[in-house]
Each structure stands twice: as C-alpha cells, then as structure tokens.
Amino acid sequence: QVQLVESGGGLVQAGGSLSLSCTISGMIATRDHLIVMGWYRQASGKQRELVARTTRGGDTDYADSVKGRFSISTVNAMTTVYLQMNSLKPEDTAVYYCNAQYYSGTSHVDSWGRGTQVTVSS
C-alpha cells in the first residue's frame, strides 16, 4: 500500500524558517512510476491550494505568494520531497499536505499525506 508520511511542521515566529519533508513508500518499481511530487496547504476556512510542485522532468511550479521564499526539492528518484520555507509570514499558517501523482500500471493515481501543521506567529 502506497503511503505518504510528512514531517517537519511546527510553530515559528514570523521571519523564521521551517523545512518539511515527505517520503513515499510502498511503491512497486515495476508497476508504479512517479510523475509529480508537491506540497499543498489549507488554511482554516479556506480551500486547499498549491504551494509548490516538481515533475520528473525537473519542472517546478510555485504559488505566487511563496515565490522567492520557498524551495522544493527531491531526492532518491523523487521518493522524498522537501519544502524549505524561509521568511515565513503569519499568512503561511496552514496544514501542509504532501501530494504524489503517479501511474500504477496504466492508472493515474493522486495520493495525499495526512498533513502537518505549520503555525507562524506574528
């Protein structure tokens, strides 16, 4: 069973930094092929939104609100994805979710972690 496990959330003062990590496990190399790894967030009372994502081809996308402050990276054939968050603002407070998109055979799968809370105090 494929699982995503996040870590690294917490409480930080405005202007500080946090690093999130997410590791995907349970994939079968001969069947499952990662295509996108990313981070989304959902603040209280708001819809979930894209923070950053990266593709197997190396393309990256960032939300305008985090450009220049956040950086996404992967290791181990994209099975671990990091989100380095610098110059954090109170408006970055949210639950951050890891997302993996992959093909399992010919089926496209969209998988989510349980989320990790990031709280930025002013």
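The values are calculated or read from the model by the stated rules, or taken from the named source; none is laboratory data. Since the structure is predicted, the reported quantities are computational estimates derived from the model, not experimental observations. Cβ placement follows ideal geometry from the backbone for every residue including glycine, while neighbour counts extend to all protein chains displayed. Surface accessibility is based on the protein's heavy atoms, side chains included, excluding ligands, DNA and RNA. Shrake-Rupley method; radii C 1.70, N 1.55, O 1.52, S 1.80 Å.
What to note about this one:
- Of everything in the range 75-116 that is acidic (Asp, Glu) and farther than 19 Å from GLN3 by Cα, the residue that is surrounded by the most Cβ atoms within 10 Å (Cβ to Cβ) is ASP92.
- A count restricted to the range 36-48 and to residues that are of a type outside the set (Phe, Trp, Tyr) and open to solvent by less than 50 Å² (accessible area, probe 1.4 Å) stands at 5.
- Just so you know, in the range 1-17 the residues that are outside any loop (DSSP other than H, G, I, E, B) and within 16 Å of THR74 (Cα to Cα) include one that is most open to solvent (accessible area, probe 1.4 Å), and it is VAL5.
- Filtered by the rule that a residue be in contact with a strand residue (DSSP E or B) (Cβ under 8 Å, 6 or more places away or on another chain), open to solvent by 50 Å² or more (accessible area, probe 1.4 Å) and either not in a strand (DSSP E or B) or not polar (S, T, N, Q) (or both), the range 49-74 gives GLU49, ARG53, ARG56, ASP61, TYR62.
- Among the candidates THR30, THR23, THR119, residue that is modelled with pLDDT under 95, open to solvent by 30 Å² or more (accessible area, probe 1.4 Å) and either under 24 Å from GLN1 (Cα atoms) or not in a loop (DSSP other than H, G, I, E, B) (or both): THR30
- Residue identified as touching a residue at least 24 places away in the same chain (Cβ under 8 Å), under 14 Å from ASP92 (Cβ atoms) and not hydrophobic (A, V, I, L, M, F, W, C) among GLN1, GLN42: GLN42
- Contacts under 6 angstrom Cβ, first residue in the range 22-34 being within 12 Å of VAL109 (Cβ to Cβ), partner among the hydrophobic types (A, V, I, L, M, F, W, C), 6 or more apart: ILE24/LEU4; ILE24/ALA100; GLY26/VAL2; MET27/VAL2; LEU34/MET78
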